[in-house]
Amino acid sequence: MSAALTFMQQLKHDVLTHPFLTHPFLKQLTAQPLTREQGKQFALLYYPHILRTRLYQANALGVTPDENLQFVLAEILYDEYGNGDLNKSHMAVYRKFMRAVGVTDNEMISPYMMPELQGYIDTMMRISQGQNWLAAVAAVGIAGEWPIPPYYQTLLDALRTIPNVTDDDLQLFIEHIVLDIEHSGMVEQALITYAGDKNAQEQIRHGVMLNLNARMVLLSGLQREMFSELG
């Protein structure tokens, strides 16, 4: 087995066993059915995150000199923006969920920004715009894709317990469980060209872990806001 393939397989294992995916918030979120008020609270708290995800991808596209990686990131961005139909963009699809749990258009204008989410945004903006382009691509294309199917499956299990919320309302979460498997495979194939080099491996791992560790902090903020007795 090549050094590049061995590295990518180990990295995938490390991503899928990262404590982010077993954070106490996720366990508490699925411990009992959610009320509509809790669903609304989650929807608003998470909205600033949803609004910015594709900005990191665009930043990484802008800093990488590799045209193959540029193409992959552009393909992912095209999916994120609804394949040319803004009514089907991932932001628009998420707003469908928000409306289903009672969020008004006025409430969407300036949702509360948790300090932990602001920290995640700052971290991702810095890494995705930095000179270390391999770390930038890995942060958005590996850490931003590989763990999402199991993560969103957990969120989906919880959100399906909200009264009167349908799978159509939860389209964003359902679609990403499949879509991000495809996206992560595209990035993996494009990055494997570099993954046999020790220095490149360090850069890739740095970007991945920076993202996942920041996500841990983000989930702690969500836990405090939604289950304040633990805050």
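The values are calculated or read from the model by the stated rules, or taken from the named source; none is laboratory data. Values in this document were obtained by computation on a predicted structure and should not be read as measured data. Heads up, the Cβs are rebuilt from the backbone with ideal geometry, glycines too, and the neighbour counts pull from every protein chain shown. Surface accessibility is based on the protein's heavy atoms, side chains included, excluding ligands, DNA and RNA. Shrake-Rupley method; radii C 1.70, N 1.55, O 1.52, S 1.80 Å.
So here's what we get for this one:
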quantity: Subset of segment 119-131 [touching a residue at least 12 places away in the same chain (Cβ under 8 Å) and open to solvent by 50 Å² or more (accessible area, probe 1.4 Å)]; calculated: 125, 129, 131
quantity: From the options 189, 203, residue that is farther than 16 Å from residue 80 by Cα and modelled with pLDDT of 95 or more; calculated: 203
quantity: Residue check for residue 182: open to solvent by 40 Å² or more (accessible area, probe 1.4 Å), under 21 Å from residue 57 (Cα atoms), in a helix (DSSP H, G or I) and at pLDDT 95 or above; calculated: no
quantity: Number of positions in segment 46-61 that are of a type in the set (Gly, Ala, Ser) and free of Cβ contacts under 8 Å to residues at least 40 places away in the same chain; calculated: 1
quantity: Within segment 72-95, tally of residues that are open to solvent by 60 Å² or more (accessible area, probe 1.4 Å) and at pLDDT 90 or above; calculated: 4
quantity: Selection status of residue 199, assigned to a helix (DSSP H, G or I), over 20 Å from residue 90 (Cα atoms) and free of Cβ contacts under 8 Å to residues at least 24 places away in the same chain; calculated: yes
quantity: Residue in segment 186-215 that is nearest to the chain's Cα centre (by Cα), counting only those that are within 17 Å of residue 73 (Cβ to Cβ) and open to solvent by 30 Å² or more (accessible area, probe 1.4 Å); calculated: 186
